[in-house]
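The values are calculated or read from the model by the stated rules, or taken from the named source; none is laboratory data. These numbers come from a predicted model, not from an experiment. Here the Cβ is made from the backbone with ideal geometry for all residues, glycine too, and neighbour counts use every protein chain on show.
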Amino acid sequence: MAFFDLDSYREARRAFTTDEWIDTIIRSTGLAPEQLGRRSKLFMLTRLVPYCERNYNLVELGPKGTGKSHVFSELSLHGILISGGEITPAKLFFNNSTKQVGLVGFWDCVAFDEFAGKGKRPKGDIVDILK
């Protein structure tokens, strides 16, 4: 954006009720708020917390096709989704041989999808570091 008037934005925000504001945020993630109950909407909002809060860890478990990774792969250019658990500490944190900062130092939000599961074994050193 060439210009953003924060005061105008804040003034317009005051005209929204809390429920209208929640629906607006849910709609911005690509979901239809009218199809969700209040509890489901709050769960969807929880998925956005890692983009707003530093050093926030979130684990979301659930069946396939429920949108767990949608927010992290589609919503923001400031986050990255790592699928399959095939990652090394050098790629994730810092590569000593190339002197390059890893994904955690570059992206605002790093999400892991299908990090472990049937037939997948994450590297032990990564699991220990993440613990």
**Message:** For the structure I just gave you, tell me whether LEU42 is modelled with pLDDT of 85 or more and surrounded by 11 or more Cβ atoms within 10 Å (Cβ to Cβ).
**Reply:** yes
**Complete:** With the first residue restricted to the stretch 1-19 and required to be modelled with pLDDT of 90 or more, and the second required to be of a type in the set (S, T, N, Q), Cβ contacts under 6 Å at 6 or more apart or on different chains are none
**Asked** Take the residues of the stretch 43-60 that are without any contact (Cβ under 8 Å) to a residue 12 or more places away in the chain and not polar (S, T, N, Q): which is nearest to ALA111 (Cα to Cα)?
**Response** VAL59
**Asked** Say we look at the stretch 1-18 and pick out the residues that are part of a loop (DSSP other than H, G, I, E, B) and not small (Gly, Ala, Ser); which of these is nearest to GLY79 (Cα to Cα)?
**Response** MET1
**Message:** Please go through (1) more than 16 Å from the chain's Cα centre (by Cα); (2) in a helix (DSSP H, G or I); (3) closer than 22 Å to ASP108 by Cα for ILE87 and return the number of the only condition it doesn't satisfy.
**Reply:** (2)
**Subset of the stretch 82-99 (residues that are surrounded by 16 or more Cβ atoms within 10 Å (Cβ to Cβ) and closer than 24 Å to PHE43 by Cα)** = ILE82
**Request:** Give the stretch 86-113 a look and list any residue that's of a type outside the set (Val, Ile, Thr) and closer than 18 Å to LEU48 by Cα, or say none.
**Result:** TRP107, ASP108, CYS109, ALA111, PHE112, ASP113
